[in-house]
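Have a look at the structure below before the remarks.
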Amino acid sequence: MAKARFLRGTVLVPGDKSITHRALIFSALTSGEARISGALGALDCLSTASCLRRLGLTIDGADGTPGDELRATGRIDLVVKSAGLKTLQSGATPFSKTTRESPLVLDAGNSGTTMRILSGLLAGLPGHFLLSGDQSLNKRDMSRVLGQLSLMGAQVEYRPVAGKAPFVISGGHLHGGTFVLSVASAQVEAALLLAGLLVAGPHGTATTVTTPSKVRDHTLKAFMHLGIPFINEGTTTTVQALAISHPAPLAAKDVTVPGDISSAAFFLVAAAIMPGSSIVIPAVGVNAGRGLVVDVLRRMGAKIEYKNAREVNYEPVCDIELVAPDRLLATDIGAGEVPLGIDELPALALAFALADGRSRVSGAAELKEKESNRLGAICQNLSNQGVKVEELADGFIVDGAKTLAGGGQWATLHDHRLAMTGLVAELVAAKPLALGDLDCINISYPGFGQDLEKLAQVAV
Ligand code: S3P
């Protein structure tokens, strides 16, 4: 097949992963039935749904597909039925009968967001829960969240490696307090605020969490949608125990999930590196805490416009239009910006490889803590394609060139974002890449390869 010269057309990306995880997990706080429209049906969110089903929630496809028969897909409408926190704690779910010897086992798969945010919920529930994941997740740091939850009164027992899953969390005896995070993590913030809602009270009922810099605020937007009060001042947020701040049961509420900017990022980068491209991505969530990819591509010369700006469940949403420049300019990304788009750095690194000049990313050591050591993998993969790249302790320097030679190994390491970046690189490489396994794309974007192909146009 002739090689595509540019991307043209419209592509609808799957639902936002962060918002879907939160919509599902926070429904454990509510009573009633809610529809989550346009949810992400990829493996990570299915892991969240299956953990919640083990806790007693009913989560099925809106088309009637039973929850345990759901398979990885893009956008999906889900129906969640929850009987309220109290039932969850003491009702017909197995965990009321668990003992330290037989905790309820929850499998988070590959999903760090599932494991970390869910820990905040479990810390507030009486009982013992064993959380585990796949090989990659069980290597990732959980002490950042579990250390703080222990300070709130949760008991954590690692089995056996300190700071890693599997671990048993025993909850139900939380007190509030003030927590200052050393990592700018929206996941940890979400877990602590969620735990803060489950503090028994009445003493020490306030929980205050400060992040070192701005992070995505989907948690606060979801709280607003559900009517959960909080006080936010910059990077500090305070919640009160629900028993005090919202003594009536929280009613379940429908959620509409916008498209995921982190998935859109692959198309934005692909279009930006192929002169002559122009694409539209409708209904994408553009939370201010996720703005890095658009800011950086604009700095590099791409013309990006937000059309039909609107708000859905307090989340800003718009149709994104991108027109590629003739040449991309190099740019730098500093520590303050990194949390606004850490998931997009693999794709942006590819844009740097095709820009005029030298680009530098710093303050991104956190990249080593993702589904793989993304810092090492990005540098190695680009270097294998002939790109001049230097790995730093906390980032990388890329010398852009007009073309990508290609022809080298592109390791995917069971990491969806590495695999998708590889498929984009393949579009522009002079020689085909030796791409690793691509099945991991189902973790966040089943059908990505087909969607990319639909946009790819051959010049006539
Ligand atoms: C997420 C936050 C980010 C991001 C992850 C999803 C979230 O992680 O990398 O993919 O939904 O809160 P950290 O909060 O650990 O930085």
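Over all alpha-carbon pairs of the stretch 180-321, lay out the pair-distance distribution in 5 Å bins, whole %, shortest bin first. Reading the bins upward from 0: 2, 9, 17, 17, 15, 14, 10, 7, 5, 3, 1, 0, 0.
Over all other residues within a Cβ to Cβ distance under 10 Å of V458, the charged ones net out to +2, with Lys and Arg as +1 and Asp and Glu as -1. In this structure the amide hydrogen of G407, modeled in the peptide plane, comes within under 5 Å of the amide hydrogens of K431, L433, A434, none closer than 5 places in sequence on its chain.
Each of N384, A330, L354 was scored by the projection of its Cα onto the charge dipole of the stretch 302-388, and the greatest displacement toward the positive side belongs to N384; charges sit on the C-beta of Lys, Arg, Asp and Glu. With N the number of residues in the stretch 17-256, Rg(Cα) / (2.2 N^0.38 Å) evaluates to 0.92.
The amide H of L328, built 1.01 Å from its N in the peptide plane, has D356 as neighbours under 5 Å, considering only residues 5 or more places off or on other chains. Derived scalar couplings between HN and Hα for the stretch 299-307 equal 4, 7, x, 6, 8, 10, 10, 9, 10 Hz in order, rounded to whole Hz, by the Karplus curve 6.51 cos²θ - 1.76 cosθ + 1.60 (θ = phi - 60°), x for Gly and Pro.
Adding -39500 (n - 2.57) for every DSSP H run of four residues or longer, then dividing by how many residues the chain holds, sets the calculated 222 nm ellipticity at -8500 deg cm²/dmol. Using only Cα atoms, locate the centre of the stretch 193-226 and the centre of the stretch 125-172, then give the distance between them in Å, rounded to an integer. Value for the Cα centre distance between the two parts: 20 Å. Is there a pair in K388/K431; K164/K370; K370/K431 whose C-alpha atoms are over 25 Å apart, and which pairs would that be? Where the Cα-Cα span goes over 25 Å, the pairs concerned are K370/K431. The string of couplings for the stretch 194-200 from the Karplus curve (6.51, -1.76, 1.60, θ = phi - 60°) is 4, 4, x, 6, 9, 4, 6 Hz, one whole number per residue in order, with x for Gly and Pro. Ordered from highest to lowest accessible area with the whole protein assembly present and a 1.4 Å probe, I19, I244 read as I244, I19. Per atom type, the chain shows carbon and sulfur on 53% of its accessible surface, probed at 1.4 Å.
Would you mind calculating the relative contact order of the chain from Cα pairs under 8 angstrom and at least 6 residues apart, reporting the percent as a whole number?
16
The heavy atoms of E371 offer some 20 square angstrom of accessible surface to a 1.4 angstrom probe. The Rg/Rh ratio for the stretch 229-278, using Cα coordinates for both the radius of gyration and the Kirkwood hydrodynamic radius, is 1.31. Determine the distance separating the Cα centre of the stretch 271-289 from the Cα centre of the stretch 401-421; give it in Å without decimals. The stretch 271-289 and the stretch 401-421 have Cα centres spaced 20 Å from each other. List the aspartates and glutamates whose Cα lies under 12 Å from the Cα of K402, skipping any in the same chain that are fewer than 8 positions away. Cross-link targets: D326, D356. Mean sequence separation of contacting Cα pairs (under 8 Å, at least six apart), scaled by the length of the stretch 17-256, corresponds to a relative contact order of 19 percent. Once you treat every alpha carbon in the chain as an equal point and sum by Debye, what is log10 I(q)/I(0) at q = 0.07, 0.09 Å⁻¹? The computed values of log10 I(q)/I(0) come out as -0.34, -0.57. For the pair the stretch 367-383 and the stretch 4-70, the centres of their Cα atoms are 28 angstrom apart.
Remark: the chain carries a charge dipole of roughly 120 debye about the Cα centre, counting +1 on each Lys and Arg Cβ and -1 on each Asp and Glu Cβ. Under a 5 Å amide H cut-off, with hydrogens placed 1.01 Å from N, K388 pairs with D399 among residues at least 5 apart or on other chains. Note on surface exposure: E157, E69, E233 rank E233, E69, E157 by accessible area, highest first, 1.4 Å probe. With a 1.4 Å probe rolled over the protein heavy atoms of all chains, the accessible area of Y314, Y158 falls in the order Y314, Y158, largest first.
The values are calculated or read from the model by the stated rules, or taken from the named source; none is laboratory data. As the structure is a prediction and not an experimental result, all values here were calculated from the model. Ideal geometry is used to build each Cβ from the backbone, glycine not excepted, and the neighbour counts take in all protein chains shown. Heads up: the accessible areas ignore ligands, DNA and RNA and are worked out on the full protein's heavy atoms, side chains in. Shrake-Rupley method; radii C 1.70, N 1.55, O 1.52, S 1.80 Å.
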